[in-house]
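Participant: Input: one structure, supplied below.
The values are calculated or read from the model by the stated rules, or taken from the named source; none is laboratory data. Predicted, not measured: the structure shown is a model, and the values here were computed from it. Virtual Cβ from ideal backbone geometry, glycine too; neighbours counted across all protein chains shown. In case anyone asks, the SASA skips ligands and DNA or RNA and just uses the protein heavy atoms, side chains included. Shrake-Rupley method; radii C 1.70, N 1.55, O 1.52, S 1.80 Å.
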Amino acid sequence: MKQATITAGHYCLPPYKLTNEELEERFGAKAVASVTKMSGIQCRRIASEEITATDLAYTAANRMLESLNIDPATVDGLIFASQTPDHPIPPSSSILHHRLGLGKACFTLDISIGCPAFPYACSVAESLIATEKCSKVLVLMADVVSRYVNANDRSLAALHGDGAAALLLEATDREYGFKGFRFGAESSGWEHIVVPAGGARLACSPDTALEKNVEPGVTRNAQQLAMNGPAVFQFSISEIPNAVDQALHELELTLDDIDLVILHQANRTMLELIYKRLRVPPAKQFYFIEEVGNLAAASSPVTLLEAMRRGKIEPHSTTMVVSFGNGLNWGVSIHKWGDQIESLNSASFEYASG
Amino acid sequence: MTTDELKQIVADSMAFPDADFANDTPFREIAGYDSVNMLIMLVDLEDAGLHIPTEKAGQIQNFENIIAAAKEQGVLDHTP
């Protein structure tokens, strides 16, 4: 069995910044203050109408490949994790495969998953590499959740941003790379994060497009994202610490073996509670939410890459990424870094068309 | 913790003008209601030793629901 390791990464964010000041004009200062107090988010990156998740993912992947002088034809696997595809049919991975100029002998797959994307997508890539079906896999994780958020839904408009991350996973004979994955699902709560209409169960119609005022400051229609915040919050602070403990136990590791714990960046208060329950010391914590918001599928990989960019990840160190959210699903991944970390290249992380 | 103390925690977290609301009054009907403050309340209840289980967190509508959880967990030392 081959080992699979992350050898490169890059991320891309849309340039437009939705600030708290702008939200205050929409919802009032008091309402925004309560969201900020809970979430710690001051600013979100929002994609304009012409920018999709594949645009952001393409930019991140293309910049990464170009900076490393990697011939796209040598990439033999592409996984695209997102819940905001370009079209219902075909898979967006096919669009990205074509646009990136990858070769015909290439595994391509969409994974329809949002916030928990990182461990799920990386584990599929790792399996392809371990079983020698692929040797060089692009793992792209991107979402433009803002498309599904009503601009007048204070509870969600203040939380979510858009973004993409690209990772390159390759085979290695060395002892570093992914050391394990664990997954779980509390699927009885699938309705807690939902876009009710637009799929085969409930087609879009004039009725589903009708906006309703759910509560003061929260307006949406059935084609837009709805979240039961208290239920998701409790799921996260109850289930995730247990899941991490269980994963470490099964992989015969302890927190002492982990140098950095990256959590899905949903909400600063929630993350603080999870870190506290896990007894993760501050030196092993990392936050990247204040400037970008919750990036859904891109959240964990962008946070990992930002930690790398800020020098928080050393050669030979071990990071644990814990991603959770819609489904309600979660995943834990552990990765040991090699001698040299091909971190973010010097290219801008901001999206630019063309 | 007494019921009054618990109610005061809820009122403060929810940024309600005062704790003078009936136990069965839906939070949504109280002036100043803000769904985000429900999350702040859950955190404050955690800090006070009351953990609302996941399956109940999304169903909290009023103070009675919170008393019920508190009773189940034995964190109330006085219930009028």
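Participant: Filter the helices (runs of 4 or more DSSP H) completely within region B:1-73 down to those with at least 3 residues that are facing chain A (nearest Cβ under 10 Å) and either surrounded by 20 or more Cβ atoms within 10 Å (Cβ to Cβ) or at positive phi (or both). Even if it seems obvious, please write down each step before you answer.
Facilitator: On the way: elements: B:3-13, B:35-47, B:54-57, B:63-73.
The qualifying helices (runs of 4 or more DSSP H) are B:35-47.
Participant: Being open to solvent by 20 Å² or more (accessible area, probe 1.4 Å) and either at pLDDT below 95 or in a strand (DSSP E or B) (or both) is the requirement here; does A:GLY338 meet it?
Facilitator: Values: open to solvent by 20 Å² or more (accessible area, probe 1.4 Å): no; either at pLDDT below 95 or in a strand (DSSP E or B) (or both): yes.
The answer is no for A:GLY338.
Participant: Could you check region A:39-62 and list, in sequence order, the residues that are free of Cβ contacts under 8 Å to residues at least 12 places away in the same chain and assigned to a helix (DSSP H, G or I)?
Facilitator: Within region A:39-62, no residue meets the criteria.
Participant: How do the strands (runs of 3 or more DSSP E) wholly within region A:150-244 filter down when requiring 1 or more residues that are basic (Lys, Arg): which remain?
Facilitator: Per the criteria, A:177-185, A:212-215, A:218-220.
Participant: Another question, then. When you scan region A:43-74, how many residues do you find that are open to solvent by less than 10 Å² (accessible area, probe 1.4 Å), out of contact with any helix residue (DSSP H, G or I) (no Cβ under 9 Å at 6 or more places or on another chain) and over 19 Å from A:ALA297 (Cα atoms)?
Facilitator: 0
Participant: For A:ALA151, state whether it is aliphatic (A, V, I, L, M) and open to solvent by less than 50 Å² (accessible area, probe 1.4 Å).
Facilitator: Details: aliphatic (A, V, I, L, M): yes; open to solvent by less than 50 Å² (accessible area, probe 1.4 Å): no.
No; evaluated as a whole, the condition is false for this residue.
Participant: Considering only region A:56-76, state which residues are in contact with a Phe, Trp or Tyr (Cβ under 7 Å, 6 or more places away or on another chain) and either closer than 30 Å to A:PRO230 by Cβ or not hydrophobic (A, V, I, L, M, F, W, C) (or both).
Facilitator: As a first pass, look at region A:56-76 and keep what is in contact with a Phe, Trp or Tyr (Cβ under 7 Å, 6 or more places away or on another chain): A:56-57, A:59-60, A:76.
Listed by number, the residues that qualify are A:THR59, A:ASP76.
Participant: Between A:ASP162, A:ASP245, which is modelled with pLDDT of 95 or more, under 29 Å from A:GLY28 (Cβ atoms) and touching a Leu at 6+ places or on another chain (Cβ under 8 Å)?
Facilitator: A:ASP162
Participant: So which residues in region A:202-255 are of a type in the set (Val, Ile, Thr) and either more than 9 Å from chain B (Cβ to nearest Cβ) or within 21 Å of the chain's Cα centre (by Cα) (or both), if there are any at all? Can you show your working first?
Facilitator: Step one: list which residues in region A:202-255 are of a type in the set (Val, Ile, Thr), which gives A:208, A:214, A:218-219, A:232, A:237, A:240, A:244, A:254.
A:THR208, A:THR219, A:VAL232, A:ILE237, A:ILE240, A:VAL244, A:THR254 - these are the residues of region A:202-255 that are of a type in the set (Val, Ile, Thr) and either more than 9 Å from chain B (Cβ to nearest Cβ) or within 21 Å of the chain's Cα centre (by Cα) (or both).
Participant: Could you grab me the full set of residues in region A:253-271 that are of a type in the set (Asp, Glu) and surrounded by 17 or more Cβ atoms within 10 Å (Cβ to Cβ)?
Facilitator: To start, the set of residues in region A:253-271 that are of a type in the set (Asp, Glu) comprises A:256-257, A:259.
A:ASP259, the sole residue that qualifies.
Participant: Further question: Here are A:LEU159, A:LEU169: which of them is away from every other protein chain (no Cβ under 14 Å) and either free of Cβ contacts under 8 Å to residues at least 60 places away in the same chain or crowded, with 20+ Cβ neighbours inside 10 Å (or both)? Can you show your working first?
Facilitator: Details: A:LEU159 fails: away from every other protein chain (no Cβ under 14 Å).
Of the residues listed, the single one that is away from every other protein chain (no Cβ under 14 Å) and either free of Cβ contacts under 8 Å to residues at least 60 places away in the same chain or crowded, with 20+ Cβ neighbours inside 10 Å (or both) is A:LEU169.
Participant: May I ask you to list the residues in region A:187-201 that are within 14 Å of another protein chain (Cβ to nearest Cβ) and open to solvent by 60 Å² or more (accessible area, probe 1.4 Å)?
Facilitator: In the first step, residues of region A:187-201 are kept if they are within 14 Å of another protein chain (Cβ to nearest Cβ); the result is A:187-194.
Passing the criteria: A:SER187, A:SER188, A:TRP190, A:GLU191.
Participant: So which of B:ASP47, B:ASP18 is more than 9 Å from the chain's Cα centre (by Cα), at pLDDT below 90 and under 21 Å from A:SER238 (Cα atoms)? Write out each step before concluding.
Facilitator: Details: B:ASP18 fails: under 21 Å from A:SER238 (Cα atoms).
Result of the check over B:ASP47, B:ASP18: B:ASP47.
Participant: If a residue must be surrounded by 15 or more Cβ atoms within 10 Å (Cβ to Cβ) and either free of Cβ contacts under 8 Å to residues at least 24 places away in the same chain or touching a Cys at 6+ places or on another chain (Cβ under 6 Å) (or both), how many such residues does region A:10-19 contain?
Facilitator: Qualifying residue count for the region: 1.
Participant: Could you tell me which numbered condition A:MET270 fails, if it satisfies all but one of (1) without any contact (Cβ under 8 Å) to a residue 40 or more places away in the chain; (2) more than 14 Å from chain B (Cβ to nearest Cβ)?
Facilitator: (2)
Participant: Output the residues belonging to region A:75-102 that are open to solvent by 40 Å² or more (accessible area, probe 1.4 Å) and among the polar types (S, T, N, Q).
Facilitator: A:GLN83, A:SER94 - these are the residues of region A:75-102 that are open to solvent by 40 Å² or more (accessible area, probe 1.4 Å) and among the polar types (S, T, N, Q).
Participant: So A:VAL124 clears everything in (1) assigned to a helix (DSSP H, G or I); (2) without any contact (Cβ under 8 Å) to a residue 24 or more places away in the chain except one condition, right? Which one?
Facilitator: With (1) assigned to a helix (DSSP H, G or I); (2) without any contact (Cβ under 8 Å) to a residue 24 or more places away in the chain applied to A:VAL124, the lone miss is (2).
Participant: Please specify each residue of region B:1-28 satisfying the condition of being of a type in the set (Val, Ile, Thr) and within 21 Å of A:SER34 (Cα to Cα).
Facilitator: B:ILE9, B:VAL10
Participant: How about region A:279-301: which of its residues are among the aliphatic types (A, V, I, L, M) and open to solvent by 40 Å² or more (accessible area, probe 1.4 Å)?
Facilitator: Initially, region A:279-301 is screened for residues among the aliphatic types (A, V, I, L, M), giving A:280, A:283, A:289, A:292, A:295-298.
Hit for region A:279-301 is A:ALA283, nothing else.
Participant: Assuming A:VAL261 fulfils every condition listed in (1) within 14 Å of chain B (Cβ to nearest Cβ); (2) among the aliphatic types (A, V, I, L, M); (3) more than 15 Å from A:GLY40 (Cα to Cα) apart from one, which condition is it?
Facilitator: Result: A:VAL261 passes all but (1).
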